[in-house]
Amino acid sequence: MPIDKDKKYMSAALKLALKAQGMTSPNPLVGAVLVKNGNVIGKGYHKKAGLAHAEIEAFEDARSNNKQIKGSTLYVTLEPCCHTGKRTPPCVNSVIRENVSKVVIASLDPNPKVSGKGVSKLRKNGIEIVTGVLEEKASQINESYIKYITTGVPFVVLKLAATLDGKIASASGDSKWIGSETQRKHAHILRSRADAVLVGIDTVLTDNPSLNVRLKGVYKNPVPVVLDTKLRTPPTSNVMRIHAEPVIATTRPVDKAKREKLKSLGARVITVKKDKTGRIDLRQLLRQLGELQLTSVLIEGGSAVAGQALKSGIVDKIIFFYAPKIVGSGGLSMIGDLNIERIRDSIEVQDVSVKKIGSEFMVEGYIGKKE
């Protein structure tokens, strides 16, 4: 089959995978398309952890339409799983049992329990294998999963909304509304795709944010994570009132009475060591969030939290929204002091893209990791 057809069907599988954005964690996004004699006979995608994987969905779809699966080609965005000890049985067994003649895979699964093993088992059973079709796109949609499954640490996105001159508030501290309704809607979409949303205690005390997703349709709310060294999170705050199990990160010594009060209301209070500045060590915090199976974190904190996150090196990706407004030198800068004295020491952003959203601009890029 010509490679352009492979790309066509794999592109369809990727679109299917994206339907479940924000819903499958800690599992990856996966889409599948079954093709026979040049016709799509089945399609499916993984909808949620614990539910059927994409390959099984595609087989069931074909059967429901009375299609013969034997001899078909399966296009799948991620290598079929082959390991046990999870919610669902290995997909490679079903692929073999259905007598599929060929499997086209976008990317191998970086999970050490799977990587290459699924492909090997399929080949041993006489199934033709093609890999690497639209691999870059497949890896990008699963960037959070890839980092988490290979390091045990969540993928971190820093999201900020500012004026054209990089201010997130005026001299008086006013920040409503820098962004438009269109920008805020997009921010809620980003929230819906993250496992956790992180803010500092000052944001909780000043703005009392809800940190939930306010969009039409079915969306998953992220878990709020509050940096709170002195356990000042009000029990009546929206973070505590709206969410079942918010995470409150604090440091020693811990006020036991405050801790027990927050825990009695459902909060998970975790103790993290301090960094050199006396604040919460964000690197250790990420490791602990990974242990809670939170694969991605969206940072929505203010200037100080943004600066701390960038200085600590935990940020993988930035998404900055710029509104067509100018505040001037008296406003609050979007990022706190990074102690950078020379331009050559500045933090580099790579693979930058700029997109117009309404009257605003969204700048997206990846933080260049220094050797």
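The values are calculated or read from the model by the stated rules, or taken from the named source; none is laboratory data. In this text the structure is predicted, and so the values were computed from the model without any measurement. Ideal geometry is used to build each Cβ from the backbone, glycine not excepted, and the neighbour counts take in all protein chains shown. These accessible areas exclude ligands, DNA and RNA; they are computed on the full protein's heavy atoms, side chains included. Shrake-Rupley method; radii C 1.70, N 1.55, O 1.52, S 1.80 Å.
Helix 181-193 versus the longest principal axis of the chain: what angle, 0 to 90°, nearest 10, using Cα atoms? Here the helix axis deviates by roughly 60 degrees.
Distance from the alpha carbon centroid of segment 300-341 to that of segment 122-181 works out to 18 angstrom. Placing a pseudo-label 7 Å from each Cα along the Cα-to-Cβ vector at ASN93 and GLU260 gives an inter-label distance of 4.9 nm.
Residues in segment 303-312 carry Karplus couplings, in order, of 4, 5, 5, 4, x, 4, 5, 5, 5, 6 Hz; the curve used is 6.51 cos²θ - 1.76 cosθ + 1.60 with θ = phi - 60°, and Gly or Pro positions show x.
For the pair ALA49 and ASN37 in one chain, pulling the backbone fully straight at 0.36 nm per residue adds 1.1 nm over the alpha carbon distance. Shape of segment 1-126 from the C-alpha gyration tensor: rounded (a/c under 1.5, with a ≥ b ≥ c the square roots of its eigenvalues).
When you filter the trypsin sites (Lys or Arg not before Pro) in segment 187-244 for DSSP loop state and at most 10 other Cβ atoms inside 10 Å of their Cβ, you are left with LYS216. The smallest convex shape that holds all Cα atoms of segment 194-333, its convex hull, gives 137 Å³ per residue. Couplings for segment 202-208, taken from phi via the Karplus curve 6.51 cos²θ - 1.76 cosθ + 1.60 with θ = phi - 60°, read 4, 5, 5, 6, 7, 9, 6 Hz in order; Gly and Pro are left as x.
The order of THR131, THR236, THR77 by accessible area, most exposed first and with a 1.4 Å probe, is THR236, THR131, THR77. With only the Cα atoms considered, segment 198-247 has a convex hull volume of 73 Å³ per residue. Among the trypsin sites (Lys or Arg not before Pro) in segment 1-100, those located in a DSSP loop and surrounded by at most 11 other Cβ atoms within 10 Å of their own Cβ are LYS70, ARG87. Beta bridges assigned by DSSP with both partners in segment 6-132 are antiparallel in approximately 55 percent of cases.
Summarising the amide proton neighbourhood of ARG268: residues at separation of 5 or more, or on other chains, whose placed amide H is nearer than 5 Å comprise VAL247, ILE248. Remark: segment 83-217 carries 47 Å² of accessible area per residue (probe radius 1.4 Å; ligands, DNA and RNA excluded).
From its DSSP helices (H runs of at least four residues, each -39,500 (n - 2.57)), the chain gives a residue-normalised ellipticity at 222 nm of -8500 deg cm²/dmol. Relative to the longest principal axis of the Cα atoms of the chain, the long axis of helix 3-17 lies at roughly 50 degrees. The angle between the Cα long axis of helix 54-64 and the main principal axis of the chain comes to about 50°, on a 0 to 90 degree scale. For the chain, the calculated P(r) over all alpha carbon pairs, in 10 Å bins from 0 to the bin holding the longest distance, is 5, 22, 28, 22, 15, 7, 1 percent.
Counting only protein heavy atoms and a probe of 1.4 Å, the accessible surface of segment 38-122 is 48% carbon and sulfur. On full extension, the segment bounded by LYS216 and LYS124 gains 28.4 nm, given 0.36 nm per residue less the C-alpha separation. Compactness of segment 299-371, taken as the C-alpha radius of gyration over 2.2 N^0.38 Å, stands at 1.18. Scoring 345-351, 249-255 by mean Cβ neighbours within 10 Å over their residues and listing the highest first yields 249-255, 345-351.
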